[in-house]
Amino acid sequence: VVAGSIFHDRMQAAVSIDLQNNAPRKGQFAFSSQGIYDGYTRDMGNGYGVSGMVKLIYGIFDSLRVGVSYIRAAERLDMGDNGRMRNDIDIFGGLISYGDYRGDGLRGRVSFAYGNGQADLTRN
């Protein structure tokens, strides 16, 4: 359940928009990248996570854009005396966006993501 929850969170990040310019005009690009280090400290578990994300959106027309994203995530959670969970995930995402670049009028977006990786759970 924990591994699936983390995986779902990373998949959602792959298809979301966090760019300052999320609607580039015809012939323009919008680019975003980030690296994240997470630390988890609770009564029952301690761990860390490292992930990186790259997103690129291109304006085909002023009202039509396409984008791609890639996320690499590696996380570890030590659950006291109960064991350890590790996630190792690669996620690829994409989107097609329609609407006025100023944000006026009808807008729509279709996005998708594909993730592949492994989740290991070691029980004591």
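Structure data summary
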| read-out | value |
| --- | --- |
| Solvent-accessible area, 1.4 Å probe, carbon plus sulfur percent, for segment 27-104 | 55 |
| DSSP-assigned coil residues among trypsin sites (Lys or Arg not before Pro) in segment 83-117, each with at most 15 further Cβ atoms within 10 Å | R102, R107 |
| Spacing of the two label points (7 Å from each Cα toward its C-beta) at Y48 and L106, in nm | 5.1 |
| Solvent exposure of segment 60-124 as accessible area per residue, Å², 1.4 Å probe | 64 |
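The values are calculated or read from the model by the stated rules, or taken from the named source; none is laboratory data. Remember, predicted model here, so these are calculated numbers, not experimental data. Please note: Cβ atoms are built from the backbone with ideal geometry, for glycine as well, and neighbour counts cover all protein chains shown. Note: accessible area is taken over every heavy atom of the protein model, side chains too, but ligands, DNA and RNA are not part of it. Shrake-Rupley method; radii C 1.70, N 1.55, O 1.52, S 1.80 Å.
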